[in-house]
Amino acid sequence: MPVAHLSVFLPAYNEEENVQRAVEHVSAVCHGLGFTYEIIVVNDGSTDGTGDVVRDLMLGIANLRLEEHHPNRGYGGALQAGFATSNGELIAFIPADNQFDFNEVQSLLDRVDEADIVCGWRADRQDSAIRKLFASGWNTVVRILFGRLCRDIDCGFKLLRREVIESVPLRSMGAMIDTELLAGARARGFKIVEVPVTHLPRIGGRATGADPRVILRAFRDLLRFRLRLTEELRDERRAA
């Protein structure tokens, strides 16, 4: 594909132990891609030294930026902030927890000429049994409400075209954000493809996605979004 400007953002919440390695890895990979690029860390109200680590890294990585907000807004809020501050024609996001190998962004880039969103899917998911159980239930409910969007809806490694973000309203501040993005895009005619990606065990920090309060809120928001999407599409057809 022609050389484009690539934005890569990393949502981070209390990732002081992980963020330096994550940013340095993304920077090294981007340097060899042949794109102009920017790297953004979205510090989502961390209470540890995540922001300080990134500020130190900015002294040596010229195309690194830090987007911060306080208090914590949740995963959806972090993704919304990343999309809002990204300038690229192509936008990739990957968590700052080092559970993905950003070298594999090339596999996503190889498919972007045939789709608007390229979703990674965790071929061998390195999570606890309870997290896998929650994910299976979530994916089942999403498929009932919206049809099949992709096999691993909440995989945190995705690549998309700017036009998607400009066309799909995103409101979720929580774990429902990936479903809102993919279902909203599919409903508006954008094409989604998927590629397998490596998933690595977390070796530092603490995962927060299995918090029962987060899960219950996500299911509540999912049902509300199903109704809202119908209204949005009806309004868009009327305005066309």
Calc'd 3J(HN,Hα), segment 40-47, phi into Karplus 6.51 cos²θ - 1.76 cosθ + 1.60 (θ = phi - 60°), Hz, glycine/Pro = x, comes to 10, 9, 9, 7, 8, x, 4, 9
Gap in Å between the Cα centre of segment 151-201 and the Cα centre of segment 49-107?
16
Based on the Cβ-Cβ distance of Arg125 and Arg213, what FRET efficiency does E = 1/(1 + (r/R0)^6) give at R0 = 30 Å, to the nearest 0.05?
0.85
Segment 52-98: which chymotrypsin sites (Phe, Trp or Tyr not before Pro) are DSSP loop and have at most 15 other beta-carbon atoms within 10 angstrom?
none
Virtual spin-label span in nm between Ser136 and Ile203, 7 Å along Cα→Cβ:
2.9
In sequence order, calculated HN-Hα J values of segment 134-142 (Karplus, 6.51, -1.76, 1.60; Hz; x Gly/Pro):
4, 5, 5, x, 4, 4, 5, 5, 4
For Thr85 and Arg55, calculate 0.36 nm times their separation in residues minus their Cα-Cα distance, and state this gained length in nm to one decimal.
9.1 nm
Taking H placed 1.01 Å from N in the peptide plane, check which residues at least 5 places from His5 or on another chain put their amide H under 5 Å from its amide H.
Glu89, Leu90
Using +1 on the beta carbon of Lys and Arg, -1 on that of Asp and Glu, and nothing else charged, what's the dipole of segment 61-185 about the Cα centre, debye to 20?
440
Fully extended contour minus Cα-Cα distance, from His69 to Arg171, at 0.36 nm per residue:
35.1 nm
Return the distance in nm (one decimal) between the two label points of a simple spin-label model at Ser107 and Arg226, each offset 7 Å from Cα along Cα→Cβ.
3.2
Can you put Ser7, Ser128, Ser167 in order of Cβ neighbours within 10 angstrom, beginning with the fewest?
Ser128, Ser167, Ser7
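Can you show me the helix-derived [θ] at 222 nm for the chain, built from DSSP H runs with n ≥ 4 at -39,500 (n - 2.57) apiece and divided by the number of residues, rounded to the nearest 500. Kindly include the intermediate steps, with their values, before the conclusion.
Numbers: 8 runs with 101 residues, N = 240.
When only DSSP H runs of four or more count, the value is -13000 deg cm²/dmol.
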List the residues whose amide H sits under 5 Å from the amide H of Val195, counting only those 5 or more places along or on another chain, with H placed 1.01 Å from N in the peptide plane.
Cys119, Gly120, Trp121
Short version: ³J(HN,Hα) in whole Hz for each residue of segment 28-38, in order, from phi by Karplus 6.51 cos²θ - 1.76 cosθ + 1.60 (θ = phi - 60°), x for Gly and Pro, what are they?
5, 5, 4, 4, x, 7, x, 9, 7, 8, 9
Charge tally for neighbours of Asp178 with beta carbon under 10 Å away, counting Lys, Arg as +1 and Asp, Glu as -1, is -2
Please give the contour-minus-distance gain from Ala62 to Arg143: 0.36 nm per residue of separation, less the Cα-Cα distance, rounded to one decimal in nm.
24.9 nm
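Values quoted throughout were computed directly from the atomic coordinates according to the rules given, and no laboratory measurement underlies them. All values derive from a computational prediction rather than experimental measurement. Here Cβ is always computed from backbone atoms with ideal geometry, including for glycine, and neighbour counts include all displayed protein chains.
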